[in-house]
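A.B. asks: Dropping a structure here in structure tokens format, bear with me for questions.
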2 protein chains.
Amino acid sequence: MNNAIFYHAGCPVCVEAEQLILDAIDRSKYLVEVVHLGEHSDHLAEAEKFGVKSVPALVIDEHVFHINFGASIEALK
Amino acid sequence: MNNAIFYHAGCPVCVEAEQLILDAIDRSKYLVEVVHLGEHSDHLAEAEKFGVKSVPALVIDEHVFHINFGASIEALK
């Protein structure tokens, strides 16, 4: 089983949008873990080890993808 | 069937890394399209319509995710 870890810091707009990415991941091939770094700072060292520089970030098989999903003004209304 | 479109501009290091993302997408739920905007500029208007501001970007069900995967110096050696 491959691993996919989604690191975030709890922004509700981003979490909602990024749920789309998690839904799109093939669960038959990937074990998906979601880590809220604001609430679980004990995972910070692990995230840094993978090279996570900002959140949200998706780590797939130890490769980091930093995702910039800006919260649009429309979404915040 | 849902749609996922991956827009890029051909950087080989990024394409290789991002192949991981494409491999992770559940093909039983998502029809995946890959568009090289450098070679297929006729898709630029479509990408802009989705809100794509930079590449690489992944559009899932019309939601844009801009992905910043920097090419590491190690990968370029």
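The values are calculated or read from the model by the stated rules, or taken from the named source; none is laboratory data. Keep in mind it's a predicted model, so treat the numbers as computed, not measured. Neighbour counts run over all protein chains shown; Cβ positions are idealised from the backbone, glycine included. Just so you know, the surface numbers come from the protein's heavy atoms only, side chains and all, with ligands and any DNA or RNA stripped out. Shrake-Rupley method; radii C 1.70, N 1.55, O 1.52, S 1.80 Å.
A.B. asks: At a 1.4 Å probe radius, which order do A:64, B:32 fall into by accessible area, largest first?
C.D. replies: B:32, A:64
A.B. asks: Give the dimensionless ratio obtained when the Cα radius of gyration of the protein assembly as shown is divided by 2.2 N^0.38 Å.
C.D. replies: 1.02
A.B. asks: Given a 1.4 Å probe and every protein chain left where it sits, what share in percent of the accessible area of the protein assembly as shown is carbon and sulfur?
C.D. replies: 53
A.B. asks: Take every residue in peptide B:17-23, count the Cβ atoms of other chains within 10 Å of its Cβ, and give the average of those counts.
C.D. replies: Per residue, the number of nearby Cβ atoms from other chains is 4 on average.
A.B. asks: I want the local charge near residue A:3. Using Cβ-Cβ distances under 9 Å, sum +1 for each Lys or Arg and -1 for each Asp or Glu among the other residues.
C.D. replies: Computed value for this residue: -3.
A.B. asks: Then there's this: Over chain A, average the accessible area per residue using a 1.4 Å probe and give it in Å², no decimals.
C.D. replies: Heavy-atom SASA per residue in chain A reads 56 Å².
A.B. asks: Could you name the residue in chain B with the C-beta closest to the rotation axis that superposes chain B on chain A, along with the separation in whole Å?
C.D. replies: Chain B residue with minimal Cβ-axis distance: B:26, 2.
A.B. asks: Using Cα atoms only, what is the angle between the long axis of helix B:12-24 and the major principal axis of chain B, expressed in degrees (0 to 90) to the nearest 10?
C.D. replies: Helix B:12-24 and the main axis of chain B meet at about 50 degrees.
A.B. asks: Using only Cα atoms, what Kirkwood radius does chain A have, in angstroms?
C.D. replies: 12.9
A.B. asks: Specify the inter-centroid distance of the range A:1-69 and the range B:1-61, based on alpha-carbon positions, in whole Å.
C.D. replies: The two parts, judged by their Cα centres, are 19 Å apart.
A.B. asks: For label points placed 7 Å from Cα toward Cβ, what is the shortest-first list of nm distances from residue A:46 to its copies?
C.D. replies: When each copy's label point is compared with this one, the spacings are 3.9 nm.
A.B. asks: Moving on to the next point. As a test of the definition: with a 1.4 Å probe, what buried accessible area, both sides summed, do you compute for B against A, in Å² to the nearest 100?
C.D. replies: Its buried surface, counting both partners, is about 1700 Å².
A.B. asks: Another one. Using helices alone, I'd like the mean residue ellipticity at 222 nm for chain B: each DSSP H run of four-plus residues gives -39500 (n - 2.57), total over residue count, nearest 500.
C.D. replies: Rounded to the nearest 500, the figure is -8500 deg cm²/dmol.
A.B. asks: Lys and Arg at +1, Asp and Glu at -1: add these up for the other residues within a Cβ distance under 14 Å of residue A:48 and post the number.
C.D. replies: Cβ neighbours under 14 Å give a net charge of -1.
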